[in-house]
Amino acid sequence: METKLYNNEIAFELSTKKIEEERQGETLAVERPASVQSNGKKFYIESYGCQMNFADSEVVASILANAGFDSTTQYTDADLILINTCAIRDNAEQRVRNRLQGFNIVKKNKKGALVGVLGCMAERLKEKFLEEEKIVDIVVGPDAYRSLPALVEEAETGQKAVNVLLSREETYAEINPVRLNSNGITAFISIMRGCDNMCAFCVVPFTRGRERSRDYRSIIEEAQDLYNRGYREVTLLGQNVDSYRFSDDKTLVGKRLVEAKYEEGVVNFARLLEMVAQIAPDLRVRFSTSHPKDMTDDVLYTMAKYNNICKYIHLPLQSGNSRVLEMMNRTYDREWYKNRIDAIKQIVPDAAISTDIIVGFCSETEDELRDTMTMMEYAKYTMAYMFIYSERPGTLAAKKYKDDIAEEEKKRRLNEVIQLHRIQSLESNKADVGKAFEVLIEGTSARDENYFFGRNSQNKVIVFPKQSQQPGQYVQVKVTDCTSGTLIGEAV
Ligand code: SF4
């Protein structure tokens, strides 16, 4: 998963960007289970970064609620302030550091108030976080959230509390996430944690540890429970969903696990996808993120077989040039990636494809940037997350390569791919004018209360005038107009 961090200045993504941005720095209200005694303390949690982090915040909220905490959406009112951090880019970390300064006022006014940092930046910096940011009392890594209530008790004695142990087993499988600020219609389900790839620019393997897949039965149970509670769309989340492999036989590891078949008791991603799709035909299923190296035709045939598996794939490219891909240690080359695009277009012809692109990677030449742009023209992405290369401490690239492309030059290259993508997504949307799509209504448009918004199977946002429908319902919408980011239509 190439964490999607948005920075207006250097990143560009169409329609859902607005939705996502509204989530950045999100505050949450949580119901404490009636059976649990209140401990008289309130927590406030704010999340940054990728969907995985937002899903983790839902697990953290559940752990704290079950430990007797109530929640608040006002940090000035909190006894425990938590920031779930992202470390994917330097500006993501700067954002967190700036945000932390905003809590000094609480520490001044509220005796005993504690500040804790969670997530990838906490794992990357560990104890150093306490030295660098004096306001921080608690540092917890992505695999240590169960220990949070105990760490709070420790910090209440005046000590600094840290747990950044990474685990090979932890999947929080049986913890029922508390849906935060949810629209009651769409939800994320994390199916695995960690990543075994070692892309040269990425911190995730160091901050989220080795890959481990969650028991498929707990995933099915969670999806069924969401459906029973009225949710009509689930997104299966993983850094690299295609390497999902679960077996009760714990002796089956590594290559043997990868090669073992369903008949031998191994559930792979295609099989899991099918099981979730079979829960109910009106439960939409999405997933993120795929990896070109591991995405099999099995997954594509399963998508083609079920209407309720959405026809949308997020397939990060990063670069369109084989030499740069090799330096990035992406383990596929330009031809392999092209083959995956061809397979999608052949097996799931109505699928939309989105991607992640990094420009300005170490020693990238102008011709190699062209290769990225010609691949964009070949794949015709409907959405793209585009970034300039940001060197991350401790990564393979930081150790081996010089970050030799000037910042201004990086930004020039980024603007080139942004311009190309803007043209492509407008063309893609224009081609949808006149077509009708089944849309799952997610809520009222933020721009006009007389309009609903929702998405079609291809993950495109569509707005249309309200009639008698309700959020959570499916409606046929005929597209009458568009912008480069949004389709505009009317219910038919
Ligand atoms: S190492 Fe590669 S595949 Fe894994 S999270 Fe990072 S970018 Fe994604």
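The values are calculated or read from the model by the stated rules, or taken from the named source; none is laboratory data. Just so you know, these numbers come straight off a predicted model, no measurement behind them. A quick note on method: Cβ atoms are made from the backbone with ideal geometry, for glycine too, and the neighbour counts reach across all protein chains shown. These accessible areas exclude ligands, DNA and RNA; they are computed on the full protein's heavy atoms, side chains included. Shrake-Rupley method; radii C 1.70, N 1.55, O 1.52, S 1.80 Å.
Summed over the range 222-248, residues that are over 26 Å from Ser57 (Cβ atoms) and touching a helix residue (DSSP H, G or I) at 6+ places or on another chain (Cβ under 8 Å) total 2.
Take the conditions (1) without any contact (Cβ under 8 Å) to a residue 60 or more places away in the chain; (2) assigned to a loop (DSSP other than H, G, I, E, B); (3) in contact with an Asp or Glu (Cβ under 9 Å, 6 or more places away or on another chain); Ala87 misses just one of them, which is (1). Sub-6 Å Cβ pairs linking a first residue in the range 324-337 that is among the basic types (Lys, Arg) to a second residue that is open to solvent by 10 Å² or more (accessible area, probe 1.4 Å) and away from the ligand (no atom under 13 Å from the Cβ), at least 6 apart or interchain, are Arg334/Ser322, ordered by first then second residue. Kindly indicate whether Leu236 is of a type in the set (A, V, I, L, M, F, W, C), away from the ligand (no atom under 15 Å from the Cβ), assigned to a strand (DSSP E or B) and closer than 19 Å to Val266 by Cα. Answer is yes for this residue.
The set of residues from the range 117-140 being surrounded by fewer than 24 Cβ atoms within 10 Å (Cβ to Cβ) and within 19 Å of the chain's Cα centre (by Cα) comprises just one member, Arg124.
Which one is most open to solvent (accessible area, probe 1.4 Å) among residues in the range 94-116 that are assigned to a helix (DSSP H, G or I) and β-branched (Val, Ile, Thr)? Restricting to residues being assigned to a helix (DSSP H, G or I) and β-branched (Val, Ile, Thr), the top hit is Ile105. Flag not set for Tyr301, criterion: touching a strand residue (DSSP E or B) at 6+ places or on another chain (Cβ under 8 Å) and either within 18 Å of Thr382 (Cα to Cα) or more than 12 Å from the ligand (Cβ to nearest atom) (or both).
Taking the criterion of being open to solvent by 20 Å² or more (accessible area, probe 1.4 Å) and in contact with a Cys (Cβ under 8 Å, 6 or more places away or on another chain), the only residue of the range 211-250 that qualifies is Glu211. Residues that are over 22 Å from Ser390 (Cα atoms) and acidic (Asp, Glu): does the range 120-130 have at least one? The answer is yes, given that some residue of the range 120-130 is over 22 Å from Ser390 (Cα atoms) and acidic (Asp, Glu).
Screening Glu490 against (1) of a type in the set (Asp, Glu); (2) under 26 Å from the mean Cα position of the chain (by Cα); (3) surrounded by fewer than 20 Cβ atoms within 10 Å (Cβ to Cβ) leaves a single unmet condition, (2). Among the residues making up the range 437-478, those that are basic (Lys, Arg), closer than 23 Å to His421 by Cβ and part of a loop (DSSP other than H, G, I, E, B) are Arg447, Lys460. Among the residues of the range 403-425, at least one is within 21 Å of Val204 (Cβ to Cβ) and of a type outside the set (Gly, Ala, Ser). Within the range 393-418, the set of residues being open to solvent by less than 50 Å² (accessible area, probe 1.4 Å), touching a Phe, Trp or Tyr at 6+ places or on another chain (Cβ under 8 Å) and not polar (S, T, N, Q) comprises Gly394, Ala397, Ile405, Lys410, Leu414, Ile418. Leu273 meets the conditions (1) away from the ligand (no atom under 16 Å from the Cβ); (2) part of a loop (DSSP other than H, G, I, E, B) in every case but one. The failed one is (2).
Counting only strands (runs of 3 or more DSSP E) that sit wholly inside the range 136-230, those with at least 2 residues that are more than 30 Å from Asp282 (Cα to Cα) and away from the ligand (no atom under 16 Å from the Cβ) are 138-140, 161-163. Condition check for His421 on (1) open to solvent by 10 Å² or more (accessible area, probe 1.4 Å); (2) in contact (Cβ under 8 Å) with a residue 40 or more places away in the chain; (3) part of a helix (DSSP H, G or I): one failure, at (1). Tell me, yes or no, whether the range 479-487 has at least one residue that is outside any loop (DSSP other than H, G, I, E, B), out of contact with any Leu (no Cβ under 6 Å at 6 or more places or on another chain), closer than 30 Å to Arg370 by Cβ and modelled with pLDDT of 95 or more. Yes, because at least one residue in the range 479-487 is outside any loop (DSSP other than H, G, I, E, B), out of contact with any Leu (no Cβ under 6 Å at 6 or more places or on another chain), closer than 30 Å to Arg370 by Cβ and modelled with pLDDT of 95 or more. Within the range 304-341, the residues that satisfy the criterion of being over 21 Å from Leu369 (Cβ atoms) and within 12 Å of the ligand (Cβ to nearest atom) are His314, Thr331. For the range 359-380, a residue qualifies if it is part of a loop (DSSP other than H, G, I, E, B) and open to solvent by less than 70 Å² (accessible area, probe 1.4 Å), and the qualifying residues are Gly360, Phe361, Cys362, Ser363, Glu364, Thr365.
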